[in-house]
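The values are calculated or read from the model by the stated rules, or taken from the named source; none is laboratory data. Since we're looking at a predicted model, the values are computed, not measured. FYI the Cβ positions are ideal-geometry reconstructions off the backbone, even for glycines, and counts take in every protein chain you see.
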Amino acid sequence: MNYILQFIEQNQDAFLNQLFEFLRFPSISSRSEHKDDVHRCARWLADHMKSLGIGNVNVFETLGHPIVYGEWFHSANAPTILVYGHYDVQPVDPLNLWETPPFEPSVRNGKIYARGSSDDKGQMFMHLKAFETLLRAEGNVPINIKFLFEGEEEAGSNHLDDFVEKNPELLKCDVVVISDTEWFADGLPSICYALRGIVLIEVKVIGPNRDLHSGSFGGAVDNPAEVLAWLITQLKNRYGRITIPGFYDNLLPLSEEERNAFRRLPFDESNFRSEIGVGELFGELGYSTLERIWARPTLEINGIVGGYTGEGAKTIIPSEASAKISMRLAPNQTASEISEKFINHIQSLAPPTVKIETVKLHGGNPVMTPIDSIWIKKAQIALKQAFGVEPVFMREGGSIPVCETFQRVLGASPVLLGFGLPGDNVHSPNESFSINNFFGGIKAIALYYKMLGQDNQTSF
Ligand code: BES
Ligand code: ZN
C-alpha cells in the first residue's frame, strides 16, 4: 500500500500533465466537423496505453468513431475485468459562458476545468494511472484487464452494441468496471447500482412545400409548428405523468425498502433547488425528488425548432417544425418497447393535414446491478480505504447505453465506481473534476484491482 501511495504522490505532476494532453483533443462525438479530432484522440489514447505496457492495443474502426482496446493478461487463475470508459465529450456551447476555454485545461480551486475532465476522460484515465501505479510500484498487476474505450457514448453508443455482440469472446469477463458516474455529495464516496435507460427520437412535422405568407394562406392551411406544439401536449400531463398508452405497463415498482434507503441519504432539497435557480420543483405526483430522478421514467423535450425566430418579424406559416424528445427509462422498460409505443402514439394522433416523420436517434436499456456481490463488497472496501469514509449506495438518473448490453451479452454486471461530484457541471459550461477525487480515485482503483487479485482478501 505504501508503494502505491508513494508512486501516486511522486507522479502527481506527470499524471496531471498527461491528463491535460488528453483533454486538449476536442473529441466531440456528435459533431461531424470534429471527426478527425476524435480519431486523433483515439490514436493518442492507444499510444499512451502501449507506453504503459498494455498489450494487444488496437484501434477498431467502426461506422462511427473508433473503439480503443487493450489488455493485460498475465494473471492465471485471477479474475478478468472489463474496464469501460469513453473518450468522447459533449459539445461545448454556449462557449461564452466558459471562464477558461473548454479544451485548454486549467486548475482553479482544487479543480481541473475542461470539457471531459469529469465526463469521462478524467475518470477513465484514472484506470490507466491505477494500472501504471500497480505495475510500477508493485511490479505486478494481479488480475487480467481488458480496457475498452469508446468514442461515441455521448452520441448514443450507436456502434458499440454491435461490436459487443460480434466480439463476445474478445470481451468475455467476470465483471465490468466503469468510472463514469458521480458521488452523492462532495466527501461522500458512492457506488451507483442502477442507471436509467434512454430513447431519443426526433419528431418532424411536415406541412406545405415551402414557408407560406401567413396572410395569403393563414386560415386555410394547417401550421406544422402548431401541430407539433399540440402533439407535445399529448405526451405528458401537467402533473408529470406520461400519457402515452401502455408507457408504464412493464415498470418494476420501487420497493418500500429502496424508498427508505433513498430517504436515509443526506439530500437537501432546498439546496438542490436554489443551486439550479428554480423556485419550485416539478415532477410526477407521489414520488420524492430522488425517486423521480433515479427510479421513474420521464419524457423531456430537448429542443424545438420551426419557423422564424430571427430578428424582427417574418409573417409565415412554416413549412416544417421538429423536436428532439428523450425519454429516460426505468427497470423493466426497454428502449425498443418504448420507442414503438411512442411512435405509435404520435402516428395515431397525426392529423391528415401534415406528414409526421419520426427518426430514432439512439437508445439504451436501463440497468441494475446486484449490490451483494464480492465485486461490490471489495469496491466498498477500496473506497473506504482510499477516502476514509464509508461509501453509500445510490442510483443515477443518467444513462450509459452499453451497460445493459454488457450484462445481457457478456453476462457480466457493471460495478459503477464513479468519482465525479454533483457540482462538476457535466454537459454544461465550466465542466470540472476535483483533483482530490482524481488522485484519491487512482488510489481506490489501484487498491480495488489489487484486492480483486487476492482471493477473498478484504483488507491490507
Ligand atoms: N457520464 C454520463 C452518465 C451520467 C450522467 C452519470 C449524469 C452520472 C450523472 C454519460 O456520459 C452520459 O451523459 N450519457 C448520456 C447518454 C446519452 C447521450 C445516450 C446521457 O445520460 O444523457
Ligand atoms: Zn460519461
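Just one of the listed residues (Gly197, Gly139, Gly116, Gly156) is within 11 Å of ligand 1 (Cβ to nearest atom), at pLDDT 95 or above and at positive phi, and it is Gly116. Collect the residues in segment 162-193 that are hydrophobic (A, V, I, L, M, F, W, C) and either farther than 30 Å from Leu290 by Cβ or within 16 Å of ligand 2 (Cβ to nearest atom) (or both), keeping them in residue-number order. Once the filter is applied, which keeps residues that are hydrophobic (A, V, I, L, M, F, W, C) and either farther than 30 Å from Leu290 by Cβ or within 16 Å of ligand 2 (Cβ to nearest atom) (or both), segment 162-193 yields Phe163, Val164, Leu170, Leu171, Cys173, Val176, Val177, Ile178, Trp183, Cys192.
Beta carbons closer than 6 Å, at least 6 apart along the sequence or on distinct chains, pair a first residue in segment 151-167 that is within 14 Å of Pro66 (Cβ to Cβ) and touching a residue at least 40 places away in the same chain (Cβ under 8 Å) with a second that is of a type outside the set (D, E, K, R) and within 12 Å of ligand 2 (Cβ to nearest atom) for Gly151/Ser29; Gly151/Tyr87; Glu152/Ser29; Glu153/His86; Ala155/Ser29; Ser157/Pro401; Ser157/Val402; Leu160/Val402.
Looking only at segment 65-94, how many residues end up being outside any strand (DSSP E or B) and either away from ligand 2 (no atom under 16 Å from the Cβ) or at pLDDT below 95 (or both)?
From segment 65-94, those outside any strand (DSSP E or B) are 65-66, 73-79, 87-88, 90-94; that's our starting set.
With the extra rule that they be either away from ligand 2 (no atom under 16 Å from the Cβ) or at pLDDT below 95 (or both), the set shrinks to 66, 73-79, 93-94.
Residues that pass the stated criteria total 10.
Scanning segment 101-122 for residues that are touching a residue at least 24 places away in the same chain (Cβ under 8 Å) and touching a Phe, Trp or Tyr at 6+ places or on another chain (Cβ under 6 Å) gives Pro105, Ile112, Ser117, Ser118, Lys121, Gly122. When each of Val92, Val164 is tested for being within 15 Å of ligand 1 (Cβ to nearest atom) and among the β-branched types (Val, Ile, Thr), the lone residue that passes is Val92. Within segment 187-196, can one find any residue that is in contact (Cβ under 8 Å) with a residue 12 or more places away in the chain, under 22 Å from Leu361 (Cα atoms) and small (Gly, Ala, Ser)? Looking for residues that are in contact (Cβ under 8 Å) with a residue 12 or more places away in the chain, under 22 Å from Leu361 (Cα atoms) and small (Gly, Ala, Ser), one finds none in segment 187-196, hence no.
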